[in-house]
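Notes follow the structure.
The values are calculated or read from the model by the stated rules, or taken from the named source; none is laboratory data. It should be emphasised that the depicted structure is a prediction, and the values quoted were computed from it without experimental measurement. No Cβ is skipped: glycine too gets one built from the backbone with ideal geometry, and neighbour counts run over all protein chains shown.
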Amino acid sequence: MAKTFAQSLLGRPGYSNGVSLVLLILRVVVGIAFMYHGWGKIQQPLSWNSPESPLAIPAIFQLLAAVSEFGGGIALVLGLVTPIAAFGIAVTMAVAVYMHAVIFKQPFVDMAGGPSFELALVYLAIALVLMVIGPGKYSIDYRLFTPKARH
């Protein structure tokens with residue numbers, strides 16, 4: 001039987017219970033964090049960037065960041081369209097890393113507690129892991145898109 005595109009992207013059999021539990025914990029923790037990060041942005045999705053900011057971010061990119069953070073956070077918690085949600089978060093975090101490291105010239109870690117790009121890079125790495133590995137057994141993706149014989 002040929003796999004559909006959704007099954008190829010979202011249905012990944014072969015997870016152990018331990019790996020699935022760790023992926024569930026990772027998804028929930030990171031998903032909740034992104035829901036918090038995106039909450040203020042989703043309230044004003046086209047204008048959350050302060051006019052006093054040194055960078056003018058076009059409204060469409062503000063919208064994409066708000067949706068990828070808030071909506072992506074919800075999707076990660078549920079394990080729903082996980083690779084797509086993780087991709088949106090990865091792109092948003094790649095831009096954040098670039099802004100902090102290259103534009104603002106902030107360090108990877110500021111030992112004095114100042115701004116840095118550490119957290120954005122960690123979130124980028126987690127998003128890449130979830131894109132490649134998937135959500136695990138304890139997810140909506142697994143229930144909907146993994147062939148029944150492989151559950």
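Give, as residue ranges, the helices (runs of 4 or more DSSP H) completely inside the range 1-77 that count at least 1 residues that are at pLDDT below 90 and farther than 18 Å from Met93 by Cβ. Outline the logic, then answer.
Numbers: elements: 5-10, 17-43, 59-66.
Per the criteria, 5-10.
From the list Ala90, Ala33, Ala65, Ala75, which residue is surrounded by 14 or more Cβ atoms within 10 Å (Cβ to Cβ), within 21 Å of Lys137 (Cβ to Cβ) and under 11 Å from the mean Cα position of the chain (by Cα)?
Ala75
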So, in the range 86-128, how many residues would count as being assigned to a helix (DSSP H, G or I), hydrophobic (A, V, I, L, M, F, W, C) and free of Cβ contacts under 8 Å to residues at least 40 places away in the same chain?
14
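Yes/no per residue for (1) on the phi > 0 side of the Ramachandran plot; (2) crowded, with 20+ Cβ neighbours inside 10 Å; (3) of a type in the set (A, V, I, L, M); (4) touching an Asp or Glu at 6+ places or on another chain (Cβ under 9 Å):
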| residue | (1), (2), (3), (4) |
| --- | --- |
| Ile103 | no, no, yes, no |
| Glu118 | no, no, no, yes |
| Tyr123 | no, yes, no, no |
| Leu144 | no, no, yes, no |
Note on Ala101: of the conditions (1) under 13 Å from the mean Cα position of the chain (by Cα); (2) farther than 19 Å from Val29 by Cα; (3) among the aliphatic types (A, V, I, L, M), unmet is (1)
